[in-house]
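Scroll down for the structure; my scribbles are underneath it.
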Amino acid sequence: IAYAHVAKHVALSMEILYSQKGSRSNLPQASPGNPSVQILKYGINANYAEIPVMINYFDKRKSHFGIGVSYGRLVNSSESITIDTNNVICTVDFKGKYPFRQDAFDLLAGAELHLWKGLFLNVRFQYSLMPMRTELPPPEYARASQYNNVWAVRLMYLFQ
């Protein structure tokens, strides 16, 4: 992360991140598109190289909060689903059949609490501006609109 001060309490920041996003459900549920199909397990793993850019406000203690945007590029992904259709259980690995978008644009907001010297506790929320898919799987497998939303908590040490 790099900060560039533009005013006494305001700084722009830019980061380079590797983010692992995903979703997992092990709770059986009826398919949204076909009630005779029971979804037993569903999982997505999506890994992104990201560049968040934020504008931050610093208080007297060096704690700060900010808002911004992030560009992400999909590095790799996987997706699988286990379904039960009339007591026939099968696992389907989509293997890129219904690809995710290669580019992601997100809004984000975060706060860094100054703990000690250069140590900060960071909490961030990030939400995608557009659905993560270019082509939807059949409706018995997934919802039409899938978005990334992420809560992240991290410890950071900032060097000056």
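The values are calculated or read from the model by the stated rules, or taken from the named source; none is laboratory data. Just so it is clear, the model here is predicted, and its values are computed rather than measured. Glycine also receives a Cβ, built like all others from the backbone with ideal geometry; neighbour counts cover every protein chain displayed. Areas reflect the complete protein model, heavy atoms only, side chains present, ligands, DNA and RNA absent. Shrake-Rupley method; radii C 1.70, N 1.55, O 1.52, S 1.80 Å.
Remarks
- Counting only lysines at least 8 places from Lys97 when in the same chain, those with an alpha carbon closer than 30 Å to its own are Lys21, Lys41.
- Cα-based reach from Lys60 at 30 Å (exclusive), listing lysines while leaving out same-chain residues under 8 positions away: Lys8, Lys117
- R0 of 25 Å, Cβ-Cβ distance Glu135-Ser80: FRET efficiency to nearest 0.05: 0.90
- Ligands, DNA and RNA aside, His64 has an accessible area near 10 Å² when probed at 1.4 Å.
- Ser77 accessible area, 1.4 Å probe, all protein chains in place, Å² to nearest 10: 60
- For the range 116-159, the residues whose backbone nitrogen is under 15 Å from a point 7 Å from the Cα of Asn34, taken along Cα to Cβ, are 137-143.
- Label-reachable residues, the range 51-72, where backbone N falls under 20 Å from a point 7 Å from Ala7's Cα toward its Cβ: 53-69
- Qualifying chymotrypsin sites (Phe, Trp or Tyr not before Pro) in the range 53-160, where qualification requires a DSSP coil assignment and no more than 14 other C-beta atoms within 10 Å, comprise Tyr147, Phe159.
- For the chain, the solvent-accessible area works out to 61 Å² per residue, with a probe of 1.4 Å and every protein chain left in place.
- The portion of the accessible surface of the range 1-82 made up by carbon and sulfur, rounded to a whole percent, is 60 (1.4 Å probe; DNA, RNA and ligands excluded).
- Around the Cα centre of the range 35-125, unit charges on the Cβ atoms of Lys, Arg, Asp and Glu (plus for the first two, minus for the last two) sum to a dipole of about 340 debye.
- Inter-probe distance in nm under a simple model that places probes 7 Å from Cα toward Cβ, at Tyr147 and Ser63: 2.9
- For Arg61, the accessible surface of its heavy atoms amounts to roughly 130 Å² (probe 1.4 Å, protein chains only, rounded to the nearest 10).
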